[in-house]
Structures are given as structure tokens and as C-alpha cells.
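Student: Pasting a structure below so you can have a look.
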Amino acid sequence: MESIVRFRHCGKLIYTFTNREESHSSAGEPGGTRRSPAGVTRERCPLCGDRLSFRLLDAPVAVSCPFSNGHETPCAFLISSRSGPTSISEQNESELHVGISNSEGVVFSYTESGVQRQQQGWEKSLTIPLVTPSNQPSNTLVTPSNHASAALVTPSNRLSAALVTPSNHPSPPLLPASVIRSWDRRLETFSSQDRWTTDRFSEEGEFGSCCYGFALSFINEVRRSEVMEVISQNTFTLRYVLPTIHCSSKYLSLYHYIHQHGYYYSTTV
């Protein structure tokens, strides 16, 4: 995705792409290039047209994209869509697919063809780290926004932007760092169980069915082995999945607005 930056100028908080040329495809997803609207350049302000110069606190900063390469995110819960990352939003009803990555970035997911082990195909995913980093104390909050802060924008006639911070969606860590040593072995053993055969794909289990039930069942199997309380489907969805999708929805709203108009500005600075 084309990078978004924000900066303060002429009394406004302005969001735009980093370059004059912005990526896009026929569906509005990055993939090709097009020339920015007239007057939108890196050298001049898109509002007042003056040449850009900044004080330290007004200088451009990157707005992190919530999508990342799932194969480079070990021990994580991944969310993707066959329709591409622009379909992973609250405004899109396309079917989502989830999986669990091992320590080498191989993604395990449950499909109608059984458990898949993929080394590619999850390059543009939403990622939820499942293991507390070893350099953080066990009471550190591990949330969907810890690893990818992004601009939140409400889809309306006037977009309002606010930076996501880790404290927006406080959640306890799912698993301790000690499980990393046995993660791959546990995931492989779990994936080989008879309950993940092709004929049982739609069967409702303790933590749901299909790919979601597979992923959450693995998380809870590890939690039980660590003498931790299980996390219900409803709790995991509300605490981790929905905030992550909400973040991507807001980012995509901002991205598409800039793609169409060249920039977005807010009077809130």
C-alpha cells in the first residue's frame, strides 16, 4: 500500500501520500500508479499552495498501515480475505479467512480441504500477536494496536481522524513467552488431529466452526497447557478481532479518501 503521512500546516492537520504518484488498481486497491491531483506535491501544501517548511513538531510523520506480511509475523493470529486487504473492513461483507502462523512464518489454516500449511498467500494480513514478547513483563498489555498504530477515520461526510494508541483497546496477554519453544511442535500436532478433517469443516465445536474454530481451539489448547483460563469465542472476538478490523476499516476510509481527493485535512490539531 502507498504510505500515508500526516503533517501540520496552515493551521490544519493534513494527511496525504508520500509521493506525487499514488498506487491504485481498478478496484481502488494499490497495484498501479496514477498522477496526484493538481497542486498535491511533496513540496507544496495542498491547501494553501505555499512551499512546505516545518517546525519540529509539525514535520511529516508516517501513519502506520495496519496490514503486514503474515509470513513475517511469527506465532500470530492472522486475518485475510481472498478479495484482498481492502475487503477486510466493517463496510465489506466478504468472507474472511483466519489462520495461525508458526515461528517460521508458515500459516496453518483450516479449510474445506483440511488443514493448509502455506508459505505464501498471507502477505497482506491483519495480525494479532499471540505471545507476550520475551523482553516485556507478563503484565504488559498486548493488544491489536501495539504493533501497528494507524489513523482512525470515521466514514462520513467529514472524516475525523485520531491516532490509535495501545491504550485504546487494553487487553491482557494471551500467552506467555515460554510457549515459543514448543510452538511449532504443538501447532503441527494439533493440526494433525482427526477433528480437522475435510468432512468436519462445518461442525460446531467448543470454540466455533471452520477456520475460526480451528484457530481459537489451538489458542485455548495452549492456554490450558499453561494452566490459563480459556478465552471464549465472544471474548476473543470483542477484545481482539473487532478492534483490529475496526482499525483497518478506519485506515481504509482514510486511504480511499486520499486516493480520490489527493489529501485529507482536519481542523483538529
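Student: Among the numbered criteria (1) surrounded by 15 or more Cβ atoms within 10 Å (Cβ to Cβ); (2) touching a strand residue (DSSP E or B) at 6+ places or on another chain (Cβ under 8 Å), which single criterion is violated by residue 198?
Tutor: Unmet condition: (1).
Student: Please tell me if residue 205 is under 22 Å from the mean Cα position of the chain (by Cα) and under 27 Å from residue 106 (Cβ atoms).
Tutor: Working: under 22 Å from the mean Cα position of the chain (by Cα): no; under 27 Å from residue 106 (Cβ atoms): yes.
Answer is no for this residue.
Student: Of all residues in region 182-195 being out of contact with any Lys or Arg (no Cβ under 9 Å at 6 or more places or on another chain), in a helix (DSSP H, G or I) and modelled with pLDDT of 95 or more, which is surrounded by the most Cβ atoms within 10 Å (Cβ to Cβ)? Step through it out loud before you land on a result.
Tutor: Filtering region 182-195 down to residues out of contact with any Lys or Arg (no Cβ under 9 Å at 6 or more places or on another chain) leaves 182-187, 189-190, 192-193, 195.
Okay, now just the ones that are also in a helix (DSSP H, G or I), so 182-187, 189-190, 195.
Add one more test, that the residue is modelled with pLDDT of 95 or more, and what stays is 182-187, 189-190.
Numbers: 182: 13, 183: 20, 184: 16, 185: 10, 186: 16, 187: 22, 189: 11, 190: 18.
Result: 187.
Student: Restricting to region 196-223, count the residues that are touching a His at 6+ places or on another chain (Cβ under 9 Å) and either aliphatic (A, V, I, L, M) or outside any helix (DSSP H, G or I) (or both).
Tutor: The total comes to 0.
Student: Output yes when any residue across region 5-19 is at pLDDT below 85 and outside any loop (DSSP other than H, G, I, E, B), and no when none is.
Tutor: Taking every residue of region 5-19 in turn, none turns out to be at pLDDT below 85 and outside any loop (DSSP other than H, G, I, E, B).
Student: State all residues of region 111-130 that are in contact with a strand residue (DSSP E or B) (Cβ under 7 Å, 6 or more places away or on another chain), in a loop (DSSP other than H, G, I, E, B) and farther than 9 Å from residue 70 by Cβ; if no residue qualifies, say none.
Tutor: So the first thing to find is which residues in region 111-130 are in contact with a strand residue (DSSP E or B) (Cβ under 7 Å, 6 or more places away or on another chain), and the list is 115-118, 122, 124-130.
When the remaining residues are screened for being in a loop (DSSP other than H, G, I, E, B), the result is 122, 124, 130.
The answer is 130, and nothing else.
Listed here are the residues, each with its yes/no results for (1) farther than 22 Å from residue 82 by Cβ; (2) among the charged types (D, E, K, R); (3) at pLDDT 95 or above; (4) in contact with a His (Cβ under 6 Å, 6 or more places away or on another chain).
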position: 95; (1), (2), (3), (4): no, yes, no, no
position: 99; (1), (2), (3), (4): no, no, yes, no
position: 115; (1), (2), (3), (4): no, no, yes, no
position: 120; (1), (2), (3), (4): no, no, yes, no
position: 135; (1), (2), (3), (4): yes, no, no, no
position: 140; (1), (2), (3), (4): yes, no, no, no
position: 155; (1), (2), (3), (4): yes, no, no, no
position: 164; (1), (2), (3), (4): yes, no, no, no
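Student: Can you spot a residue in region 29-45 that is in contact with a Pro (Cβ under 8 Å, 6 or more places away or on another chain), modelled with pLDDT of 85 or more and surrounded by 19 or more Cβ atoms within 10 Å (Cβ to Cβ)?
Tutor: no
Student: Further question on the same structure: Return the total of residues in region 224-269 being in a loop (DSSP other than H, G, I, E, B) and exposed (fewer than 14 other Cβ atoms within 10 Å of the Cβ). Let's see the steps before the verdict.
Tutor: Step one: list which residues in region 224-269 are in a loop (DSSP other than H, G, I, E, B), which gives 226-232, 262, 267-269.
Checking which are exposed (fewer than 14 other Cβ atoms within 10 Å of the Cβ) leaves us with 226-227, 229, 267-269.
Summing the residues that are in a loop (DSSP other than H, G, I, E, B) and exposed (fewer than 14 other Cβ atoms within 10 Å of the Cβ) in region 224-269 gives 6.
Student: Quick one: count up the residues across region 201-215 that are open to solvent by less than 80 Å² (accessible area, probe 1.4 Å), among the hydroxyl-bearing types (Ser, Thr, Tyr) and at pLDDT 85 or above. So that I can check it myself, show each step before the final result.
Tutor: Residues of region 201-215 that are open to solvent by less than 80 Å² (accessible area, probe 1.4 Å), as a first pass: 201, 205, 207-215.
Adding the requirement that they be among the hydroxyl-bearing types (Ser, Thr, Tyr) leaves 209, 212.
Those left that are additionally at pLDDT 85 or above: 212.
Total satisfying the criteria: 1.
Student: Conditions first: (1) in contact (Cβ under 8 Å) with a residue 40 or more places away in the chain; (2) more than 30 Å from residue 185 (Cα to Cα); (3) surrounded by fewer than 18 Cβ atoms within 10 Å (Cβ to Cβ). Residue 53 passes all but one, so which condition is the exception?
Tutor: It fails just one condition, (1).
Student: Would you mind stating whether residue 234 is free of Cβ contacts under 8 Å to residues at least 60 places away in the same chain and within 21 Å of residue 74 (Cβ to Cβ)? It would help to see each step written out before you state the result.
Tutor: Details: free of Cβ contacts under 8 Å to residues at least 60 places away in the same chain: yes; within 21 Å of residue 74 (Cβ to Cβ): no.
For residue 234, the condition - free of Cβ contacts under 8 Å to residues at least 60 places away in the same chain and within 21 Å of residue 74 (Cβ to Cβ) - is not met.
Student: Continuing with the same structure: Scanning region 96-114 for residues that are hydroxyl-bearing (Ser, Thr, Tyr) and within 11 Å of residue 73 (Cβ to Cβ), which turns out nearest to the chain's Cα centre (by Cα)?
Tutor: Among them, the one singled out is 101.
The values are calculated or read from the model by the stated rules, or taken from the named source; none is laboratory data. From a predicted model like this one, the values you see are computed outputs, not experimental measurements. Virtual Cβ from ideal backbone geometry, glycine too; neighbours counted across all protein chains shown. All accessible areas refer to the heavy atoms of the entire protein, side chains included, with ligands and DNA or RNA removed. Shrake-Rupley method; radii C 1.70, N 1.55, O 1.52, S 1.80 Å.
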